[in-house]
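Here is the structure we will look at.
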Amino acid sequence: MISAPLAGYLRRLGFAGPPRPTTEALFALQRAHLERIPYENLDIQLGRPPGIGPELSVRRIAAGRGGYCLHLNGAFSVLLGALGYDVTRHFGAVHLAAERERRDATGDHLALTVRVDGAEYLVDTGLGDGPHEPLPLRVGRYRRGGFAYRLEELGGPVAGWRYVDEAESGAVMNFHAGPAVMGEFEAEHLRMSTSPESGFVRTLALLRRDASGIDTLRGRVLSRIDPVEGTTERELETPEEFFRVIEGVFERRLDDLTPADRAALWARVGQAHETWLAGKAAGRTAGRASG
């Protein structure tokens with residue numbers, strides 16, 4: 001028997017009951033997780049960041065919330081372990097395109113590996129725009145839904161792995177081979193969820209992945225990334241549209257938000273959006289002047 005919160009978690013993933021721990025089920029669980037549970041930072045934007053205890057994250061996900069990597073992969077590791085998978089948590093770091101040659105792991109990312117049916121996989125529901133299905137944990141290049149990824153050995157003084165999103169703007173995620181405990185992530189979680197310099201504090205972000213593309217909401221700009229059709233985007237003009245997209249496209253329940261919360265979030269996002277627009281305008285002006 002699994003706990004009531006884990007049963008609720010499975011229902012949110014679309015499973016009527018616990019599946020047997022097979023490779024096929026693992027792939028189905030990751031696909032469902034990326035499609036139904038958003039990478040999101042609403043509570044951080046509202047100044048009340050949730051803790052990263054995996055059991056707390058399980059309860060929040062069962063109640064309709066999402067989170068970022070420490071919440072999503074933390075909860076998923078508990079679920080997979082309860083289903084009978086051999087799961088290991090790893091200390092990692094995400095580096096964006098400008099810093100993709102870095103080989104360090106600073107603890108801003110929790111990665112998972114899972115052993116099943118005699119094979120080992122990188123399983124990650126916490127990258128937001130990561131692969132739709134697990135990747136075999138061996139050196140190679142892999143395609144998932146029109147997107148290409150690589151796994152390499154990390155190299156250097158600490159044994160580990162290096163995940164590379166081959167898109168031009170794609171990220172790199174480095175992680176140590178050895179196991180990690182959740183306490184190792186507390187300092188980075190505090191920084192990422194409270195520092196004025198943190199991207200999670202500065203910008204509202206929601207991401208959802210499916211087989212053919214990625215939906216992203218950053219501030220008031222909703223984007224759809226499709227490797228075949230290209231990227232489309234539009235600006236959300238009203239709070240009604242904004243909250244409808246969060247609940248509809250990203251399946252993030254909003255019954256935990258009071259009317260005051262909604263007003264505060266819309267105002268915060270609007271202010272950040274105006275700052276972003278002013279920056280774009282200044283950049284265009286500078287470009288014309290230099291031309």
Of all residues in the range 192-249 being in a helix (DSSP H, G or I) and aliphatic (A, V, I, L, M), the one that is farthest from LEU277 (Cα to Cα)
MET192
Pairs with Cβ under 7 Å, 6+ apart, first in the range 1-19 and without any contact (Cβ under 8 Å) to a residue 40 or more places away in the chain and closer than 17 Å to SER77 by Cα, second crowded, with 18+ Cβ neighbours inside 10 Å and not charged (D, E, K, R):
LEU13/LEU29; LEU13/HIS33
Right, PRO38: more than 22 Å from LEU135 (Cα to Cα) and buried (at least 20 other Cβ atoms within 10 Å of the Cβ) or not?
no
Any idea how many residues of the range 259-281 are over 25 Å from the mean Cα position of the chain (by Cα) and of a type in the set (Asp, Glu)?
1
So VAL181 fits all but one of (1) free of Cβ contacts under 8 Å to residues at least 40 places away in the same chain; (2) within 20 Å of LEU112 (Cβ to Cβ); (3) of a type outside the set (Asp, Glu); what number is the exception?
(1)
Scan the range 181-193 residue by residue and report those that are surrounded by 19 or more Cβ atoms within 10 Å (Cβ to Cβ) and among the aliphatic types (A, V, I, L, M).
MET192
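Here's a check for you: in the range 154-174, which residue that is under 14 Å from GLY107 (Cβ atoms) and within 16 Å of the chain's Cα centre (by Cα) is surrounded by the fewest Cβ atoms within 10 Å (Cβ to Cβ)? Spell out the reasoning first.
Step one: filter the range 154-174 for residues under 14 Å from GLY107 (Cβ atoms), giving 158, 160, 173-174.
Of the ones still in play, those that are also within 16 Å of the chain's Cα centre (by Cα) are 173-174.
On the way: MET173: 25, ASN174: 28.
The residue in question is MET173.
Counting just the residues of the range 56-98 that are part of a helix (DSSP H, G or I), over 18 Å from the mean Cα position of the chain (by Cα) and touching a residue at least 12 places away in the same chain (Cβ under 8 Å), which one comes out surrounded by the most Cβ atoms within 10 Å (Cβ to Cβ)? Even if it seems obvious, please write down each step before you answer.
Of the residues in the range 56-98, the ones part of a helix (DSSP H, G or I) are 56-62, 69-83, 97-98.
Imposing the further condition that a residue be over 18 Å from the mean Cα position of the chain (by Cα) reduces the set to 81-83, 98.
From what is left, the residues that are touching a residue at least 12 places away in the same chain (Cβ under 8 Å) are 82-83.
Values: ALA82: 18, LEU83: 20.
Residue satisfying both the conditions and the ranking: LEU83.
Quick one: which of TYR149, TYR163, TYR121 is assigned to a strand (DSSP E or B), within 19 Å of TYR39 (Cα to Cα) and of a type outside the set (Lys, Arg)?
Numbers: TYR149 fails: within 19 Å of TYR39 (Cα to Cα); TYR121 fails: within 19 Å of TYR39 (Cα to Cα).
Just one listed residue meets the conditions, TYR163.
Those residues that are touching a Gly at 6+ places or on another chain (Cβ under 9 Å) and under 15 Å from PHE27 (Cβ atoms), I need them from the range 123-143; list them, please. Don't jump to the end; show me each part of the working.
Initial filter on the range 123-143 (touching a Gly at 6+ places or on another chain (Cβ under 9 Å)): 124, 126, 129, 131-133.
ASP124, PRO131, HIS132, GLU133 - these are the residues of the range 123-143 that are touching a Gly at 6+ places or on another chain (Cβ under 9 Å) and under 15 Å from PHE27 (Cβ atoms).
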Taking the range 41-55, which residues are surrounded by fewer than 18 Cβ atoms within 10 Å (Cβ to Cβ) and part of a helix (DSSP H, G or I)?
GLU55
The range 8-26: number of residues that are surrounded by fewer than 16 Cβ atoms within 10 Å (Cβ to Cβ) and of a type in the set (A, V, I, L, M, F, W, C)
1
Is it the case that the range 127-141 has a residue that's in a strand (DSSP E or B) and crowded, with 17+ Cβ neighbours inside 10 Å?
yes
For the range 166-191, name all the residues that are of a type outside the set (A, V, I, L, M, F, W, C) and either at positive phi or assigned to a helix (DSSP H, G or I) (or both).
GLY183, GLU184, GLU186, GLU188, HIS189, ARG191
Does LEU34 qualify as being touching a residue at least 12 places away in the same chain (Cβ under 8 Å) and in contact with a Gly (Cβ under 8 Å, 6 or more places away or on another chain)?
yes
Going residue by residue through the range 227-238, is there one that turns out to be touching a His at 6+ places or on another chain (Cβ under 9 Å) and farther than 14 Å from PHE250 by Cβ?
yes
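All of the numbers you see were taken from the coordinates with simple rules; none came from a lab. It should be emphasised that the depicted structure is a prediction, and the values quoted were computed from it without experimental measurement. Note that we place each Cβ from the backbone using ideal geometry, even for glycine, and neighbour counts take in every protein chain shown.
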